[in-house]
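Heads up: the structure comes next, in structure tokens.
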Amino acid sequence: MQKKEKNIVNPVCGQNPFIRRNRVVIMLNDKEHNTLNRYLEKYKIKNKSKFVREALMHTVIKRLEEDYPSLFD
């Protein structure tokens, strides 16, 4: 049995803050598209949008952490 997820509601606006409402569209050439599909198939990844979203956010967060000013640089 799967655990039922709690419906998280923001007390200020009364909405779930994690609902995705913003669409981002990217274009890939044929080689990029084939490579992505081959990777997804090889590693048995079923949810392409989740994979792309996590890979993108991983890269963004990593770069932001690297660029964060530090006291001893």
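The values are calculated or read from the model by the stated rules, or taken from the named source; none is laboratory data. Worth saying up front: this structure is predicted, and the values here are computed from it rather than measured. Here the Cβ positions follow ideal geometry from the backbone for every residue, glycine too, while neighbour counts run over all protein chains shown. Note: accessible area is taken over every heavy atom of the protein model, side chains too, but ligands, DNA and RNA are not part of it. Shrake-Rupley method; radii C 1.70, N 1.55, O 1.52, S 1.80 Å.
Cβ separations smaller than 9 Å between residues 6+ apart or across chains give no pair from the stretch 43-54 residues that are open to solvent by 90 Å² or more (accessible area, probe 1.4 Å) to residues that are among the charged types (D, E, K, R). Looking across the stretch 57-73, the residues that are open to solvent by 100 Å² or more (accessible area, probe 1.4 Å) and either touching a strand residue (DSSP E or B) at 6+ places or on another chain (Cβ under 7 Å) or assigned to a helix (DSSP H, G or I) (or both) come down to His58, Lys62, Arg63, Leu64, Glu65, Glu66, Asp67. Among the residues of the stretch 25-38, just one is within 16 Å of Ala55 (Cβ to Cβ), part of a helix (DSSP H, G or I) and open to solvent by 100 Å² or more (accessible area, probe 1.4 Å), namely Arg38.
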